[in-house]
Amino acid sequence: MQTERAYKYRFYPTPEQEILLARTFGCVRFVWNAVLRHRTDAFYERKEKVGYNDASAFLTQLKKQPDTAFLAEVSSVPLQQCLRHQQTAFKHFFAKRARYPRFKSKKQRQSATFASSAFVYRNGQVTLAKCKEPLNIRWSRELPSAPSTVTVSRDRAGRYFISCLCQVDTLSLGVVPKMVGIDLGLKDLFVTSDERRVNNPRHTARHARKLARAQRQLSRKKKGSNNRAKARRIVARRHAKIADARLDHLHKLTRQIVNENQVICAESLAVKNMVKNRSLSKAISDVGWGELVRQLEYKSAWAGRQFVQIGRWYPSSKRCHGCGFVLESLSLDVRTWDCPGCGTQGIDRDLNAARNILQAGTALLAGTER
Ligand SMILES: [Zn+2]
């Protein structure tokens, strides 16, 4: 079986490439915002939905106008790709899966996507359209095949990355006899049905002091000054460090779970709803449940493992794994399970939940929901 996989690397642009990329990012942002404005007006003033072809025609008009003729100075491919991304964003919005697409700002991460007609991949090097030299990429691992699409980005800390989309053969790992249930938590990142407890590293908390200092310094700088821009980069770099460390940690954990288990069961996430609860939201975005589940899902698919998600209605915490007794309610501060049904006492709350999740997951697989 073949699947698409993204490989991301850091790269270091030449001054010339930096200028061209800045211009490309600017044009992509301009097109995104102009088309979004056009769509928003059409929708709110005339109740019209603007489709991809209309948006594309609108872009063609923009390129012809003298005051937006600068759009023709960069490769047209990333601009067209940006329309596709916006089309997808609207599709998700109308399907109620996402918020209304937002305007892009200069201060955010910038990106531009180049389809195969807009770059050359030769001798293991990537050269973008309108660039003379190939990009100076730090190849931390080899690409399995020529990329079909590359996305170039600059994060808020000013670092450049390239993400290459490649076709790969999925390599199934050998079958292992183990199955696991995973209970996602706040106190611990997760607890497994085989009694593994993974602490929440709380990267943000550990780096909080340095970040707070950088933020304080930023707030003292005069608006619009060079020093303020510099201080903002330092803050962004601190955020980037934290994000990198968190991602690295998650990759190691999910790799291990997928290697060791044939069937992996977890609760499906409705983080969106949970995030409405303000006090919990920071802790949740900090632990990165969404990313954890995403990694488990795709790594399982690549390795020929089964990843099962249990519906949220399933009372994994409130149900006794031993006898099936279901409590009316169980508040978050109660850490152990004392079962009024079978008399079991002192079972760890999260372990009980993880075992229930495993049981429900295997039942789902067997097609015998209980
Ligand atoms: Zn019980």
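Condition (residue is assigned by TED's automatic domain parsing to the domain that holds Thr192 and more than 10 Å from the ligand (Cβ to nearest atom)) applied to the range 336-343: is it met by at least one residue?
Yes, the range 336-343 contains a residue that is assigned by TED's automatic domain parsing to the domain that holds Thr192 and more than 10 Å from the ligand (Cβ to nearest atom).
So is Thr40 among the polar types (S, T, N, Q), free of Cβ contacts under 8 Å to residues at least 24 places away in the same chain and farther than 18 Å from Lys91 by Cα or not?
No.
Here is a yes/no grid of residues against (1) of a type in the set (Phe, Trp, Tyr); (2) modelled with pLDDT of 85 or more; (3) within 23 Å of Leu364 (Cβ to Cβ); (4) in a loop (DSSP other than H, G, I, E, B):
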site: Lys230; (1), (2), (3), (4): no, yes, no, no
site: Arg246; (1), (2), (3), (4): no, no, no, no
site: Thr254; (1), (2), (3), (4): no, yes, yes, no
site: Val258; (1), (2), (3), (4): no, yes, yes, no
site: Leu269; (1), (2), (3), (4): no, no, yes, yes
site: Leu280; (1), (2), (3), (4): no, no, no, no
site: Ala283; (1), (2), (3), (4): no, no, no, no
site: Leu296; (1), (2), (3), (4): no, yes, yes, no
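Only residues in the range 290-311 that are in contact (Cβ under 8 Å) with a residue 12 or more places away in the chain and farther than 13 Å from Leu250 by Cα count as the first member; pair them with residues that are open to solvent by less than 40 Å² (accessible area, probe 1.4 Å) and charged (D, E, K, R), Cβ under 9 angstrom, at least 6 apart or cross-chain, and list the lot.
Arg305/Lys299; Phe307/Lys299
What do you reckon, is Tyr160 open to solvent by less than 20 Å² (accessible area, probe 1.4 Å) and aromatic (Phe, Trp, Tyr)?
Judged against the criteria, Tyr160 is a match.
The values are calculated or read from the model by the stated rules, or taken from the named source; none is laboratory data. Everything numeric in this text was worked out from a predicted model, so none of it was measured. Cβ: placed from backbone, ideal geometry, glycine included. Neighbour counts: every protein chain shown. Each accessible area value is taken on the protein alone, full model and side chains, heavy atoms only, with ligands, DNA and RNA left out. Shrake-Rupley method; radii C 1.70, N 1.55, O 1.52, S 1.80 Å.
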